[in-house]
1. Helix 73-88: angle to the longest alpha-carbon principal axis of the chain, degrees 0 to 90, nearest 10?
2. From the phi of every residue in region 97-108, what ³J(HN,Hα) in whole Hz does the Karplus formula 6.51 cos²θ - 1.76 cosθ + 1.60 yield, where θ is phi - 60° and glycine or proline is x?
3. Could you state the angle between the C-alpha long axis of helix 41-65 and the longest principal axis of the C-alpha atoms of the chain, as a value from 0 to 90 degrees rounded to the nearest 10?
4. Label the chain by shape, choosing from rounded, prolate and oblate, from the square roots a ≥ b ≥ c of the eigenvalues of the Cα gyration tensor; if a/c is under 1.5 it is rounded, and otherwise prolate applies when a/b is larger than b/c, oblate when it is not.
5. Please give the length that would be gained between Lys191 and Ala11 if that part of the chain were fully extended, namely 0.36 nm times their separation in residues minus their C-alpha to C-alpha distance (nm, one decimal).
6. Multiply the residue separation of Arg413 and Ala434 by 0.36 nm, subtract the distance between their alpha-carbon atoms, and state the gained length in nm to one decimal.
7. Exactly which trypsin sites (Lys or Arg not before Pro) in region 310-397 are in a DSSP loop and have at most 12 other Cβ atoms within 10 Å?
8. First check a/c for region 264-347, with a ≥ b ≥ c the square roots of the eigenvalues of its C-alpha gyration tensor; if it is under 1.5, answer rounded, and if not, answer prolate when a/b is larger than b/c or oblate otherwise.
Amino acid sequence: MSGQQAGVDHALVKRFRQEVGDRLAHQRRLDQASGVPPMTGEDERQFARALIAQVLEEYARGEIGVGRTPPTADEEEALAAGIHAALFGVGRLQPFLDDPEVENIDINGCDRVFVSYADGQEIAHEPVADSDDELIELIQILAAYSGLSSRPFDTANPQLDLRLPDGSRLSAVMDVTVRPAVSIRRARLGKVFLSDLVGNGTLAPELGRFLAAAVAARKNLMIAGSTNAGKTTLLRALANEIPAAERLITVERALELGLDQFPELHPNVVAFEQRLPNSEGQGEITMAELVRRSLRMNPSRVIVGEVLGDEIVTMLNAMTQGNDGSLSTIHANSSMEVFNRIATYALQADERLPIEATHMLIAGAIDFVVFIEKRNDYHRGGTLRRFVSSVREVTGCDGRVLSSEVFIAAGDRVVPHAPISCLDELAAHGYDPAQEVWR
């Protein structure tokens, strides 16, 4: 993929992007003056493709006219893709997003680009912009057109989180670092099922059947793990076990789950996205407010993309008020650490819940903590492996949360460890540990 990028004349892409953009804007003005309805997004893309072909044809004629060799068919195709990406995509980043083997893209300034691949390799690549200012401009364009509302990225708003059109998650900062920094985490599996995760080794088959029964039994599940461990992918797979007849409300900082993108699986979905304050500090709608609002929207289940702050208290309250079957993710380094992490967030909330009250709330709200981790298996040639290594059942509260680890890692395997107290409920949905043969 880096070879494809290297074959593109980025100066030409920049020049032609400006020309096509100007012609596109001119057509918009003509349509408006003539009372013609504005083009839809897809119509505009198709029209832009025609303009790109026109501009490239004019360029080829000009080169021939002065005795130079025009672009070859392959070079012209690469130029066309680059111009279209610069207009509607993510510029020079587009080839990385088109590569199914790319997992993460880290940019520490326009010319410090590091790409991580599914096989565990990290490779340095060529610049994605000609300057840091151009990189910032690219991120600003993405921030303006991604998500449900435009998001600022400037000196007054130096942090940005958003979901790209392909579902990847972008996080960017400026002014708090020497150079602008961007991290993009790929959404490689949009429609993913527990069977897929069993197939790629993330889940033991027996654990997959247990989790499917837990979702069917409407147990509240908290998925925990470190950064980039695969929490969101596991959450999507669990959500896809929910029957199509149920109404789902998802709450996220930046749209990422995309459950509403698959109406054949979930026809009744409302996706909420946190809204940041405007330049005057007005108009903010927080995660906690959205969770509260979701409870008034007749949900069958509430799914919170990632818990990072004071929304935890609202979410736990929702789980204890009849919204069984809720799902969420949280950053933690073990299944046991989740309870202290939640207590820390609860202390920061408006409610200022003391630890004892938080632990009582956790015990009444969460049924299982599912811990997923990533390991670089050097004995397998350095392959990056993600797998569910622990499941902890919440069993009560005695000043602190009481829990038992019902599944535990044993080397490369995950095996049963403690009895499941709600086994009768899971058995009603087809889970029978007596029939499981763990290998």
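1. So the inclination is approximately 60 degrees.
2. 6, 7, 8, x, 8, 6, 9, 9, 10, 10, 10, 10
3. Helix 41-65 sits at roughly 40 degrees to that axis.
4. On the way: a/c = 2.19, a/b = 1.79, b/c = 1.22.
Prolate shape, in that a/c is at least 1.5 and a/b is the bigger ratio.
5. Contour length minus the Cα-Cα distance gives 61.1 nm.
6. 5.7 nm
7. Arg352
8. oblate
Readers should treat all values here as calculations from the given coordinates under stated rules, not as data from a laboratory. None of the values given here were measured: they were computed from a predicted structure. FYI the Cβ positions are ideal-geometry reconstructions off the backbone, even for glycines, and counts take in every protein chain you see.
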